[in-house]
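Down below is the structure, laid out as structure tokens.
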Amino acid sequence: MKTMRTRIIVILVAIVAVVGITFAAKNQGVFSASSKDASPPAILAVVNRQPVTTADVEALMSAGMVKPVAVENAINRLLTAEAARRQWPADAQAIAESVAREALSGLYLRKKLSEFQQAVSDQDISNYYDTNVKDELYLGHVLKYYLTQDAKDAAEMAEAIKQGGGAYLGKFSWVNKEGDHAVLPAGVPYGLYQPVKALQPGQYLGPWRVRDGVLFLKLEERKQGKRPELAKAKDEIRQILAQQRLESALKELRDQAKIELK
């Protein structure tokens, strides 16, 4: 089946549409960030009275560059940046403002997510678990599919299903080619869990128009699932609740802002 993380994400997908920017922040490791301000970065070099610090070389070193080479690259970057500022001041100012917004946005996301995660109580987690983590979310659906962009092909498949047999039905493939072939509700293609939920084993769904063509699904088997114990889901639920609270904070910022699209 799926990993613990995938299973809990099923719940998140089912009940809340988290904005893309929240996931981008999560991928940067925000949940382990401290809410306290870090120590000032150490100075590694001074170029024309401007410091080159550990903050300037962290990304380079994390990509595998050794420290002396990273420092040299940071020095060159500082020199060329200052040259660009002198030669093209207007362009440089626009870029600087854009980069600053991106960096400050990332700072906000990291700090707020860390705060929200620490503010989630055990009772909050228990309430979420009792309300949202249901056995149904862990049902395994053994599905086969057939997808075509040809109208004639789709009609012939529909007729083969209607007739209940024939070589044409051999065109179906497993949705999940691994393990026991089962997928959780969130793994049902194109978000079609609700109509698949109504199927009995051996029944077909389709023809169903999707963005990639015409889709047919067949439910081979449904496997009973059971939600994980609270202790195993606790950390993931804490992260989900922190994301939800960040989403609310972002919405509040937008509600309070005067936005004019042009």
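Since every read-out is calculated from the coordinates, none of them should be taken as a lab result. This one's a predicted model, so the numbers in the text were calculated from it and none came from an experiment. Neighbour counts run over all protein chains shown; Cβ positions are idealised from the backbone, glycine included.
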* Treating the angle as unsigned and between 0 and 90°, give the value, to the nearest 10°, between the Cα long axis of helix 151-163 and the longest Cα principal axis of the chain. => 40 degrees
* Asked: Between ALA231 and ALA42, what is the label-to-label distance in nm when each label sits 7 Å out along the Cα-to-Cβ direction?
  -> 4.1 nm
* To do: Measure nothing but the geometry: give the 0 to 90° angle between the long axis through the Cα atoms of 67-87 and the longest principal axis through the Cα atoms of the chain, rounded to 10°.
  => 80 degrees
* Asked: Karplus couplings for the stretch 231-247 from phi (6.51 cos²θ - 1.76 cosθ + 1.60, θ = phi - 60°), rounded to Hz, Gly and Pro as x?
  -> 4, 7, 9, 4, 5, 5, 5, 4, 5, 4, 5, 5, 5, 4, 5, 5, 4
* Asked: Which three semi-axes in whole Å describe the equivalent ellipsoid of the stretch 140-223, each the square root of 5 times a Cα gyration tensor eigenvalue, listed largest first?
  -> 20, 14, 11
* Asked: Looking only at ALA198, ALA63, ALA55, which one moves most when the chain is put into a Gaussian network model with springs between Cα atoms under 10 Å?
  -> ALA63
* Alpha carbons only, please: Rg and Dmax for the stretch 92-172, in angstrom. => 26.3, 69
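In deg cm²/dmol and to the nearest 500, what is the mean residue ellipticity at 222 nm of the chain if only DSSP H runs of at least 4 residues count, each as -39500 (n - 2.57), divided by the residue total?
Numbers: 9 runs with 137 residues, N = 262.
After summing the helix terms and dividing by residue count, I get -17000 deg cm²/dmol.
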* Find, to one decimal place in angstroms, the Kirkwood hydrodynamic radius of the chain, where the mean of 1/r is taken over every pair of different Cα atoms and then inverted. => 23.2 Å
